[in-house]
Amino acid sequence: MSIIKDIKAITVSVPLDNPTSFSSRQVLKREYALVEITSDSGHKGIGFCYGGSNAGALVTQAVRELLRPVLLGEDTYRVEGLWQAMYQEALLHGRTGSVMRAISIIDTALWDHNARAVNLPLYKLLGAHETESVPAYASGGYYLEGKTPKDLGNEMRSHVDNGFRAVKLKVGRESLAKEEARLAAVREAVGPDVRVMMDANNAWRDLPSACEFMRMAESYDPYWIEEPFSPDDIDNHQRLAERTFVPVATGEIEAGRWRFKELLDKQAAMILQTDAAVCGGVTEFRRITATAASYGVDVCPHWFHDLHVHLVASSPNAPYVEHFGDDQVLNFRRLIDTQLKTENGRLLLPKTPGLGFDFDAKNIANYAVDEWH
Ligand SMILES: [Mg+2]
């Protein structure tokens with residue numbers, strides 16, 4: 001037995017050095033909800049999620065008021081039972097969004113705690129598929145004021161020079177002609193053998209616009225088109241998937257296994273981008289990934305390489321971790337004390353117990369918008 005003694009949460013707000021943009025919005029700062037669970041065995045576990053540009057405290061509030069009462073005094077190893085209890089307690093408020101993020105970070109913290117307690121890196125506790133390193137793709141290619149197609153090409157080329165064999169850029173914000181100039185510059189810069197992923201961040205509202213873009217983009221041999229429509233517009237994802245040879249990817253803000261089953265049943269995505277910090281934690285991520293495997297579909301988890309390196313390393317149908325090499329877009333790395341290393345486009349797996357890092361207390365205090373409680 002290992003009894004949960006305390007659960008604390010905090011909200012932090014980390015400004016971006018340079019406001020960054022994608023097709024549908026601009027981001028000035030990022031809020032994160034962090035959680036720490038301690039047990040009577042003397043071990044702890046941590047979890048975290050993105051809480052949006054504003055109101056990240058909705059997640060911490062759900063941890064404190066809705067979920068903590070369900071968990072105190074329970075056995076940390078009863079992970080499946082506690083997931084079900086949290087889900088049931090949150091039925092009216094949750095099932096997706098901030099409350100599912102709260103369930104996700106607690107579930108992650110339980111897995112981290114239990115891996116630390118048995119002195120194993122999380123991917124080994126989960127049942128490793130890889131034990132040394134996993135493939136990663138370099139994510140970036142954002143829209144910035146004054147950034148030219150050549151600048152974008154140089155940025156993508158720098159990832160290839162650093163050993164990456166797959167890169168991702170944002171698409172769908174500019175006119176078709178400007179978008180073509182960006183894609184052409186990227187393909188020219190990285191050469192024919194590097195995979196180029198495209199992220200549209202819900203750029204299109206209608207099928208004809210998406211088809212028009214894809215007819216142009218297909219000449220540059222992209223590897224996938226990500227989030228072409230609103231996540232709720234599953235039918236248009238399906239229609240686009242029928243009309244382009246480029247695989248459709250989506251799911252980064254989807255939650256719960258049932259919604260992913262709908263994407264799979266409708267053949268609306270050939271790549272799921274499940275995020276364990278969104279979908280219901282490590283537990284739900286594994287259910288979704290196992291189901292996707294039965295459909296012959298891969299899962300390429302959405303950002304947070306520090307967390308997803310463990311899940312890719314323990315899932316045979318998860319070919320890539322999404323990697324952000326600096327803190328200009330995803331600035332979560334400022335909140336933790338250890339950074340993963342890359343080598344030849346692969347992320348080296350941590351050897352230390354649990355997730356393999358701790359929160360950086362000093363930086364968290366600097367960025368905190370409330371207090372640990
Ligand atoms: Mg995306």
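The values are calculated or read from the model by the stated rules, or taken from the named source; none is laboratory data. Bear in mind that the values here come from a model prediction, so they are computed numbers and not experimental data. Cβ atoms come from the backbone with ideal geometry, glycine included; neighbour counts cover every protein chain shown. Accessible surface areas use protein heavy atoms only, side chains included; no ligands, DNA or RNA. Shrake-Rupley method; radii C 1.70, N 1.55, O 1.52, S 1.80 Å.
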Tabulated pairs, region 262-287, first more than 17 Å from Leu126 (Cβ to Cβ), second within 15 Å of the ligand (Cβ to nearest atom) and of a type in the set (Ser, Thr, Tyr), C-beta under 6 angstrom, 6+ apart or interchain: Ala269/Thr250
Take the conditions in a loop (DSSP other than H, G, I, E, B), of a type in the set (Lys, Arg) and farther than 21 Å from Ser13 by Cβ and apply them to Arg95. Does it pass? yes
Please indicate, with yes or no, whether at least one residue in region 309-323 is free of Cβ contacts under 8 Å to residues at least 60 places away in the same chain and closer than 23 Å to Leu16 by Cα. no
So which residues in region 177-197 are touching a Phe, Trp or Tyr at 6+ places or on another chain (Cβ under 7 Å) and either within 16 Å of the ligand (Cβ to nearest atom) or in contact (Cβ under 8 Å) with a residue 40 or more places away in the chain (or both)? Arg195, Val196, Met197
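Looking at region 265-277, which of the residues that are open to solvent by less than 10 Å² (accessible area, probe 1.4 Å) and assigned to a helix (DSSP H, G or I) is nearest to Tyr32 (Cα to Cα)? Reasoning before the result, please.
Start the filter on region 265-277 by keeping residues that are open to solvent by less than 10 Å² (accessible area, probe 1.4 Å), which leaves 268-269, 272-277.
Add one more test, that the residue is assigned to a helix (DSSP H, G or I), and what stays is 276-277.
Numbers: Ala276: 14, Ala277: 11 Å.
Only one residue fits best here, namely Ala277.
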Give just the number: which of (1) in contact with a Gly (Cβ under 9 Å, 6 or more places away or on another chain); (2) modelled with pLDDT under 95; (3) farther than 30 Å from Ile234 by Cβ does Val329 not satisfy? (3)
Candidate set from region 278-317 (those that are within 16 Å of the ligand (Cβ to nearest atom) and not in a helix (DSSP H, G or I)); member that is most open to solvent (accessible area, probe 1.4 Å): Asp298
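How many residues does region 232-264 contain that are within 14 Å of the ligand (Cβ to nearest atom) and either surrounded by fewer than 17 Cβ atoms within 10 Å (Cβ to Cβ) or among the polar types (S, T, N, Q) (or both)?
Applying the first criterion (within 14 Å of the ligand (Cβ to nearest atom)) to region 232-264 yields 237, 248-254.
Restricting the remaining residues to those that are either surrounded by fewer than 17 Cβ atoms within 10 Å (Cβ to Cβ) or among the polar types (S, T, N, Q) (or both) gives 250.
Number of matching residues: 1.
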Looking only at residues that are more than 27 Å from Val309 (Cβ to Cβ) and among the charged types (D, E, K, R) in region 70-123, which one is most open to solvent (accessible area, probe 1.4 Å)? Arg95
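Pick from Thr342, Thr338: which is touching a residue at least 60 places away in the same chain (Cβ under 8 Å) and not hydrophobic (A, V, I, L, M, F, W, C)? Quick ask: steps written out before the conclusion?
Numbers: Thr338 fails: touching a residue at least 60 places away in the same chain (Cβ under 8 Å).
Going through Thr342, Thr338 in turn, the sole match is Thr342.
Restricting attention to region 201-231, which residues are hydroxyl-bearing (Ser, Thr, Tyr) and within 15 Å of the ligand (Cβ to nearest atom)?
Result: Tyr223, Ser230.
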Please work out which one of (1) hydrophobic (A, V, I, L, M, F, W, C); (2) under 24 Å from Phe359 (Cα atoms); (3) touching a residue at least 60 places away in the same chain (Cβ under 8 Å) is the condition Leu144 fails and give its number. (2)
Scanning region 16-40 residue by residue, those under 23 Å from Leu152 (Cα atoms) and away from the ligand (no atom under 16 Å from the Cβ) turn out to be Leu16, Asp17, Asn18, Pro19, Leu28, Lys29
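To keep it simple, each residue is scored yes or no on (1) surrounded by fewer than 24 Cβ atoms within 10 Å (Cβ to Cβ); (2) under 17 Å from Ser104 (Cβ atoms).
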| position | (1), (2) |
| --- | --- |
| Asn18 | yes, no |
| Ser23 | yes, no |
| Tyr32 | no, yes |
| Gly45 | no, yes |
| Gly51 | no, yes |
| Arg64 | yes, yes |
| Arg68 | yes, yes |
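Please specify each residue of region 1-16 satisfying the condition of being among the charged types (D, E, K, R) and open to solvent by less than 60 Å² (accessible area, probe 1.4 Å). Walk me through how you get there before you give the answer.
Quick first cut of region 1-16, residues among the charged types (D, E, K, R) only: 5-6, 8.
Listed by number, the list holds a single entry, Asp6.
Here is a check on your reading of the model: is Leu355 closer than 26 Å to Tyr142 by Cβ and open to solvent by less than 10 Å² (accessible area, probe 1.4 Å)? Spell out the reasoning first.
Numbers: closer than 26 Å to Tyr142 by Cβ: no; open to solvent by less than 10 Å² (accessible area, probe 1.4 Å): yes.
The answer is no for Leu355.
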